[in-house]
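Only one structure is covered here, and it is reproduced in the block below.
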Amino acid sequence: MDLEKIRKDAEAFTKELDEEYYQNLAGFKDELNISGIYQKYGYLFGREAVDYVKGLRDSAEGEEKRQLSLLYSFMAGEYISNITAELDEKFMTAEAKATVTVDGKEVPYRSISSLISNEDSRERRSELDALTDPVVDELNAILKERMLKLHDLSVELGYKNYIDMVQDLKGIELEPLKKQMEEFLRDTEKVYVDAMNAALEPYGISIDEAERHDVSYLFRAKEFDPYFPKDKVVDNWKATMHGIGIDPDSQNNVILDTEERPKKHPRAFTMPVEVPDRVILVITPHGGQDDYQSMLHEGGHTEHFAHVDRKHPFEYKYLGDVSVSESYAFIFNYLPTDDLWLKQYVSMDDTEKYRNFAFLNKLFFLRRYASKLLYEMELHAKRDIDGMDARYKEIMEKGLKMRHKANRYLLDVDDGFYVSQYLRAWIFETQLRKHIIEKTQRDWFNSHEAGNILKELWSYGQKYNVDELARMIGYDGIDVRPMRDEMVSALRR
Ligand SMILES: [Zn+2]
């Protein structure tokens, strides 16, 4: 085994894979030839190479240990993906092929959720939701087999359980985060329940009667569309970037792919194909407040990768704590909760109604992810998952105060405690924004100095995790309290 060769190949593999995904998702080609790329670099994800890098990591120190930790985490992750690939394909195929019968017509299972969020009749939404239950049962059989395999793999790799493995691979502690999120759930409960009841009142339902389909309908929020026209999505982002001293049109390394193509994936994404020299932001603008938020979000990822120091090794440019890049995406994503930004950038004079909506929407997601974290800490604590469907329902209902279906207990889970990385990003984003405002001005998005603070942080890539970055800007580490205070004061009535 040769470490330098492993590093070079891991970098080449990552770039080839990103390029292939970009070509497919952007709608340039139908096929997705990733198995060929995996075969070409297969040895990287064999047990021998994974154990070799782990051994080197365990005896390394300082900078070398930091780099090797990221490399090991990446290789172990791909080792696991390789083993679950067959079940993943089985799941994707079953999900893509599944249909339900609506009014005598066959409708793809995957399109039901958008039918639900656009359906005005509550009874009808509930019927549509119930139609998916047999499909969910079928998918659960595959997901259960896959989950048990993941739990077994963590033990095979020498860990006590799945939680232990994720903590080592990602270099994070989940128990302290769980404690902070329990505190957050407790402290925001009253404002959440009151705001949710007020939002549901026009539909004649209270929070304890509400179901998931009611909330997806509620958050569709068509009424704000006039402020967020389709033809201004990209210009709005460019103008916001000008405010912090960045001119996207003069950045040769930033490529905006905004063209409409029939096979282009509808969801916006960022593909850092060559960091920092070729970063592609892919979006097909459709307008509406969520689209503006998506553009600002992906723009944050794009500017982050476009400002990474070219001299960094591969590990810091492409791997690392994903919470870091998510924080930079969130800091722009949530500009539409700022009344000064709304007035300046979308000419909204009376911002109260929209801001209430936007904060409630954010708090709902924070509480949902906090509850998911509590649930997943139980789900992954032991090999067996019997009875976890009932626990899912209990924990989610306790956190969100509305009805949940037990049968979503596996569909609602992402691998590797991704939920914790989002939570850490949300927490750090609030701390970072507070820091930038203290150093510059209340409307930080009009300050070139704010842009300079971000550019310096961006240059590190994902070398440091969000705990280290929080300490770097004067905190004791990530701290949920600024986010809690912001939510409580925004929604208190
Ligand atoms: Zn993101």
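Coordinate-derived values only; no laboratory data. Source: prediction; values computed, not measured. Virtual Cβ from ideal backbone geometry, glycine too; neighbours counted across all protein chains shown.
Among complete DSSP H helices in the chain, those whose alpha-carbon atoms stretch at least 27 Å along the helix's long axis and whose mean Kyte-Doolittle hydropathy reaches -1.0 are 62-97, 133-156, 352-379, 418-439. A straight Cα-to-Cα reach below 24 Å connects K401 with the lysines K178, K179, K190, K353, K362, K372, K393, residues fewer than 8 places away in its own chain not being considered.
You can think of it this way: the chain between L411 and K382 has 8.6 nm of extra reach, that is 0.36 nm per residue less the Cα-Cα gap.
Rounded, prolate or oblate, given the Cα gyration tensor of the stretch 295-448, with a/c below 1.5 counting as rounded? Since a/c reaches 1.5 but b/c is at least a/b, the shape of the stretch 295-448 is classed as oblate.
Taking every DSSP beta bridge that has both residues in the stretch 178-491, what percent is antiparallel when rounded to the nearest 5?
Values: 5 of 10 bridges.
Given both bridge residues lie in the stretch 178-491, the antiparallel proportion sits at roughly 50 percent.
Select from Y52, A96, Q462 the residue farthest towards the positive end of the dipole of the chain; place +1 on Cβ of Lys and Arg, -1 on Cβ of Asp and Glu, and compute about the Cα centre. Checked the options; the winner is Q462. Distance from the Cα centroid of the stretch 304-383 to that of the stretch 138-199 is 18 Å (rounded to whole angstrom).
Let's see if you can work this out: charge +1 on each Lys and Arg Cβ, -1 on each Asp and Glu Cβ, no other charges. What is the dipole magnitude of the chain about its Cα centre, in debye to the nearest 20? Could the numbers behind the result be given before it?
Working: 69 positive and 93 negative charges, 97 e Å.
So the magnitude is around 460 debye.
Centroid-to-centroid, using Cα positions, the stretch 14-43 and the stretch 99-118 are 31 Å apart.
Residues whose amide H falls under 5 Å from that of T99, counting only those 5 or more places apart or on a different chain, are Y109, with hydrogens built in the peptide plane.
Summing charges over all other residues whose Cβ lies under 11 Å from the Cβ of L335, with Lys and Arg as +1 and Asp and Glu as -1, gives -2.
Within 10 Å, count the other beta carbons around each residue, average over each peptide in 42-48, 212-218, and list them highest first. Before the final figure, lay out each step's value.
Details: 42-48: 14.3, 212-218: 19.7.
The most tightly packed comes first, giving 212-218, 42-48.
Taking other C-beta atoms within 10 angstrom as a stand-in for reagent exposure, F28, F219, F224, F184 fall in the order F28, F219, F224, F184, fewest first. Charging the Cβ of each Asp and Glu at -1 and of each Lys and Arg at +1, and nothing else, the dipole of the stretch 57-125 about its Cα centre rounds to 280 debye.
Can you tell me which of 288-295, 225-232, 265-272 comes out highest on packing, and rank the rest after it, using the mean Cβ neighbours within 10 Å? Before the final figure, lay out the partial values.
Values: 288-295: 21.5, 225-232: 14.8, 265-272: 17.8.
The peptides rank, most packed first, as 288-295, 265-272, 225-232.
Positive-end ranking of P276, Y41, I6 along the dipole of the chain, with charges on Cβ about the Cα centre, is headed by P276. Pairs from the list K170/K238; K29/K230; K230/K263 with a Cα-Cα gap above 30 Å: K170/K238. Based on C-alpha pairs under 8 angstrom that are at least 6 apart in sequence, the stretch 207-283 has a relative contact order of 23 percent. Loop-located GluC sites (Glu not before Pro) in the stretch 230-308 (DSSP state not H, G, I, E or B) with no more than 16 neighbouring Cβ atoms inside 10 Å: E259, E260. Of all lysines in the structure, those lying under 18 Å Cα to Cα from K40, and not within fewer than 8 positions of it along the same chain, are K5, K8, K15.
For the ranges 90-103, 454-467, 11-24, what's the packing order if you count other beta-carbon atoms within 10 Å of each residue, average per peptide, and put the highest first? All intermediate terms of the calculation are to be shown ahead of the outcome.
On the way: 90-103: 13.1, 454-467: 20.2, 11-24: 17.1.
Output ranking for 90-103, 454-467, 11-24: 454-467, 11-24, 90-103.
Straight Cα distances below 13 angstrom link K160 to the aspartates and glutamates D152, D168, with same-chain residues fewer than 8 positions distant left out.
Would you please classify the overall shape of the chain from the alpha carbon gyration tensor, given that a ≥ b ≥ c denote the square roots of the eigenvalues, rounded means a/c under 1.5, and beyond that prolate means a/b larger than b/c while oblate covers the rest? Rounded is the answer for the chain, as its axis ratio a/c remains below 1.5. Answer rounded, prolate or oblate for the stretch 149-273, using the Cα gyration tensor with square roots of eigenvalues a ≥ b ≥ c: rounded when a/c is under 1.5, else prolate when a/b is larger than b/c, else oblate. Oblate, since a/c reaches 1.5 and b/c is not below a/b.
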